[in-house]
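Shown next, in structure tokens, is the structure this report addresses.
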Amino acid sequence: MAKLTIRFEIRKDKINKDGYAPISCMLSIAQQRKRVTTSLRVPPINWDTENQEAVYVKIGKNSNQSFLMKSDVSRTNSLIDSIRSKFIFIEDSFKHSGKNYSVEDVFAEYNKSKLGTGIKAQKVEASKSSVVVFIDEYIERNKAIRAKRSLGVYSQLQRHLERFQHHSGKKVTFDCIRLSFFEEFQSYLIEETEINNITIAKQLSTLKTVLGYARRDGVQMDQSYRDFKIKKQKLEVITLTEGEYQSIKNVDLNGVSRHEKARDIFIFLCATSMRYSDYAQFRREHIKGQTIQLTMKKGSKPWGIPLNSDSISILEKYKELEKPLPSISNQKLSKYIKEVCQIAGIDTPIEIVRFRGSEPIKTVHPKYKLISAHTGRKTFCTLSLERGASVEMVMEWSGHESYSSFKRYVNLSKRHSISQMGKIWGEATVMKAS
């Protein structure tokens, strides 16, 4: 009687958008062949054709290729071995019974088994796996293609989940995720940590993102968590007024170099809407005539910024440098800008309100303490609108693609609001007391 031959191979002709190819199992008896699909997928770089198994390959930091981590490789090979063992067991059963059998008979018997094609085993294993471990694997898998700062939010969530597990005595696995878990985790963050509602909302939102990744990766879980509504507090928008902007431009800094450079860079950010990350990558080759042409660091989108009198005057001041502007770290720039704003007398008291649960936490700060490098971008958007530019034009200049994100950058003054009402509806006269 002919022997059953079992061979595993990947279908490079069916690579999905994430760069993963399906693993199939080819059964052969005499001249009969049968291809059996499995739920397993691997990037082609992680497949050893000769040995018919997944292998770990160390990928360089600058590579955009998909790849498996060591734990993924081990799990994949374990499931391959399970499938192979099941086919061998079925063939042995036929042999011992003395029955003739074909490749279709083997396949039919295999189909009856609870293991199936490995799909059920994989889903059960995944649903009972740790969310904390999944986050760790996600960070490892994406650290070559994601900015370190953007992955930091996942590390923060991981730490909060670990502390929640210790506090509650419950392991957070995918099969325990549901609406009630979100309610319990939110209560823990409010009652047992020092973080405010804004940070709590960020943690819950990140957890939903993680669950979305896992769901698309084939992990089964209760979908009721998607009905959990995250309450987000509207943040204060700190920008400079026209008068404050002019004060910074004209303030006497007594020749202090760090203040002069920080003020000039900040004025440039206010006049161009640049983020710090774009200032950090700004080179002379990006200056094209009367515009700056570069690719945004955030979102990797091509961006054209028209120059104006304020931005050109700063570039002229430093035209002897190799780079267009002096180099200062984000932390030092924000520190020195605060000092410059304090010297310029930008000290209006600003009340900041945060919530922990339903309890408001109010603090009052002089305005200069709330200024950072990113205030420049918000100031650009606000002053451009107050000076008469349309919303559409300012969004084009600043590179915003949606109004919902743009409006978070705008803080129009009450004086501007009153002035615009007067222009549209006529000037108001002060009412006399009756």
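Taking the stretch 312-349 as the search range and keeping residues that are more than 13 Å from G376 (Cβ to Cβ) and in contact with a Ser or Thr (Cβ under 7 Å, 6 or more places away or on another chain), which one is surrounded by the most Cβ atoms within 10 Å (Cβ to Cβ)? My answer is I346. Contact map, the stretch 75-90: residues that are assigned by TED's automatic domain parsing to the domain that holds V36 paired with residues that are among the acidic types (D, E), Cβ distance under 7 Å, separation 6+ or inter-chain. Pairs shown: N77/E53; I80/E53; I90/E109. Remark: pairs (first residue in the stretch 1-16, under 16 Å from D81 (Cα atoms); second residue of a type in the set (K, R) and modelled with pLDDT under 90; Cβ separation under 6 Å; 6+ apart in sequence or on different chains) = I6/R84.
For S273, state whether it is within 31 Å of the chain's Cα centre (by Cα), within 21 Å of I371 (Cα to Cα) and surrounded by fewer than 19 Cβ atoms within 10 Å (Cβ to Cβ).
On the way: within 31 Å of the chain's Cα centre (by Cα): yes; within 21 Å of I371 (Cα to Cα): yes; surrounded by fewer than 19 Cβ atoms within 10 Å (Cβ to Cβ): no.
Here the answer is no, as S273 does not meet what is asked.
Annotation note: Cβ proximity below 7 Å between a residue of the stretch 339-356 that is assigned by TED's automatic domain parsing to the domain that holds K367 and a residue that is of a type in the set (D, E) and outside any strand (DSSP E or B) (sequence gap 6+ or interchain) occurs for I346/E244; I352/E236. Within the stretch 348-403, the set of residues being modelled with pLDDT under 85, charged (D, E, K, R) and within 30 Å of I305 (Cα to Cα) comprises just one member, E401.
Tallying residues that are closer than 20 Å to S39 by Cα, at pLDDT 55 or above, in a helix (DSSP H, G or I) and touching an Asp or Glu at 6+ places or on another chain (Cβ under 8 Å) within the stretch 98-134 yields 1.
Only one residue in K95, K17, K34 is in a loop (DSSP other than H, G, I, E, B), on the phi < 0 side of the Ramachandran plot and surrounded by fewer than 18 Cβ atoms within 10 Å (Cβ to Cβ). Which one?
Numbers: K95 fails: in a loop (DSSP other than H, G, I, E, B); K34 fails: in a loop (DSSP other than H, G, I, E, B).
Step by step, each of K95, K17, K34 is checked, and only K17 is in a loop (DSSP other than H, G, I, E, B), on the phi < 0 side of the Ramachandran plot and surrounded by fewer than 18 Cβ atoms within 10 Å (Cβ to Cβ).
The values are calculated or read from the model by the stated rules, or taken from the named source; none is laboratory data. Keep in mind the model is a prediction, meaning the values are calculated, not measured. Note that each Cβ is placed from the backbone with ideal geometry, even for glycine, and that neighbours are counted across all protein chains shown.
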